[in-house]
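Taken together, the values in this text are just the output of simple stated rules run on the coordinates, not laboratory data. These figures come from a predicted structure and were not determined experimentally. We place every Cβ from the backbone using ideal geometry, glycine too, and count neighbours over all the protein chains shown.
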Amino acid sequence: MTAEEYDRVFGRIMPAAQKLAKEGSNAISVMGTSLTFYKGAEYEHQLKVSVTKATGLPSTTMSTGIVEGLKALNAKRVAVATAYDEDVSHRLQVFLEESGFQVVSVKGLGIVSFKDRGPVTPDELFNFSAGVYEGAPKAEALVISCGGLKTLDLIVPLEQRCKRPVVSSTPHAFMGQRPIARAERPAKGYGTVLAKS
């Protein structure tokens, strides 16, 4: 998970999106949070425009899922826990600030490759994320960023511990896909945002 690696694989997005469109998809979501935010908010917006132009389908990204999740909460000040190293975590901070949020704290696990590091355990992720929030008590929400982190079952326990809503990459990316894929049903039992979106 480095900018150089994102640059290397970025060219695969459009052919993959076009292939999905030809196979009958009715919407496209570009998965990979850092892949979609690493060059900033305008670049992420243009990526969606380009995917839609190339496929004729509505499109979104994992990063849009995070932004829409925070907007659903009216949250402006956020604490951010990431899987990333310092550079990529900083790029996320820039993206969120360009998207209208104030990042009061950002901290990463320092992971560059899950192949080298291995999976993050639920207990490790819970304690790390809670610690990031607790170090920023003025935050109105906690963001957990990286599609490689399994967060779905941690959202409610983290909301109970932190007394603040949690937005994370994969669950809220799927939330962001529902309107463009014309599937509107909220998902109860997985935290504040998914229950009402």
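Odds and ends about this structure:
- 19 Å Cα-Cα threshold exceeded, pairs from K19/K150; K107/K150; K39/K150; K71/K107; K76/K150; K39/K76: K19/K150; K39/K150; K71/K107; K76/K150; K39/K76
- Per-residue Cβ neighbour rank within 10 angstrom, fewest leading, F95, F101: F101, F95
- Net lengthening on full extension, V49/R12 (0.36 nm per residue, minus Cα-Cα): 11.7 nm
- Packing-based exposure ordering (other Cβ within 10 Å, fewest first) of I155, I66: I155, I66
- Helix 13-22 axis, angle to the chain major axis (alpha carbon atoms, nearest 10°): 60
- Ordered by the number of other Cβ atoms lying within 10 Å of each residue's own Cβ, fewest first, V156, V80 fall into the sequence V156, V80.
- Taking the longest Cα principal axis of the chain as reference, the axis of helix 62-73 is set at about 50 degrees.
- For the stretch 34-52, the residues whose backbone nitrogen is under 17 Å from a point 7 Å from the Cα of E5, taken along Cα to Cβ, are 34-39.
- For the chain, calculated [θ]222 nm from helices alone, where every DSSP H run of n ≥ 4 adds -39500 (n - 2.57): -15000 deg cm²/dmol
- Computed from phi, the 3J(HN,Hα) profile of the stretch 130-144 under the Karplus parametrisation 6.51, -1.76, 1.60 (θ = phi - 60°) reads 4, x, 4, 5, 5, x, 9, x, 7, 5, 8, 7, 10, 10, 10 Hz, with x in place of Gly and Pro.
- Electrostatic bookkeeping for A136 treats Lys and Arg as +1 and Asp and Glu as -1; over the other residues with beta carbon under 11 Å from its beta carbon, the sum is +2.
- The stretch 133-172: C-alpha gyration tensor shape, a/c 1.5 cut-off, then a/b vs b/c: prolate
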